[in-house]
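Right, one structure below, let's go through it.
Nothing in this text is a laboratory measurement; each read-out follows from the coordinates by a stated rule. Keep in mind it's a predicted model, so treat the numbers as computed, not measured. All Cβ positions, glycine included, derive from the backbone under ideal geometry; neighbour counts span all protein chains shown.
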Amino acid sequence: MDEEKKAKRLKELSDLEYRVTQEDATEPPFKNRYYKNSEPGIYVDIVSHKPLFSSLDQYDAGCGWPSFTKPIESNEITEAFDERFGMRRTEVRSKTADSHLGHVFTDGPKDQGGLRYCINSAAMRFIPFQDLEKAGYGEYQKLFKRT
């Protein structure tokens, strides 16, 4: 991502969005904007605007944060071992902007691969299905078409 563009976008973030994406913070559970979202659409990185997750892969894991079984574009997600706070976890970051997103765990639905991407709402922006084309994400409308 172009450094000038990234710097401009970072200035547009709220304090919480900045702390989560740039300082690896975690937002409070159960009190974040997408935890209970059930609207169809996609989630994009709040810094790079690259697609990350689809509401079709979102489920209520009971953990207090939006949870997904898989990313839309696996090449936009990077993983790293994380031992902060005395825990052994796998951190999830966006590749393009290097934004901290959350963590991935192996306690997800077994019939959907067994992964749980536990992601901070503050690291994402939700694009509702009806706005995908207008927002420049029209190619993702096909995810929601029934065959």
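General remarks:
- Of all aspartates and glutamates in the structure, the ones whose alpha carbon falls short of 16 Å from that of Lys36, not counting any fewer than 8 places away in one chain, are Glu27, Asp57, Asp60.
- Shown here for segment 1-78: chymotrypsin sites (Phe, Trp or Tyr not before Pro) in loop regions (DSSP other than H, G, I, E, B) with at most 14 other Cβ atoms within 10 Å, namely Phe30.
- Per residue, the chain reaches -3500 deg cm²/dmol at 222 nm when only DSSP H runs of four or more residues are counted, each adding -39500 (n - 2.57).
- Backbone N within segment 33-77 under 15 Å of label point (7 Å from Thr96 Cα along the Cβ vector): 42-54, 72-77
- A Förster distance of 30 Å, applied to the separation of the beta-carbon atoms of Glu3 and Asp111, puts the FRET efficiency at 0.10.
- Listed residues Asn75, Asn120, Asn37, most fluctuating in the chain (Gaussian network, C-alpha, under 10 Å): Asn75
- Qualifying trypsin sites (Lys or Arg not before Pro) for segment 71-140 [loop in DSSP, other Cβ within 10 Å: at most 15]: Arg88, Lys134
- Residue among Ile46, Ile119, Ile77 with the largest mean-square fluctuation in a Gaussian network model of the chain, springs linking Cα atoms under 10 Å: Ile77
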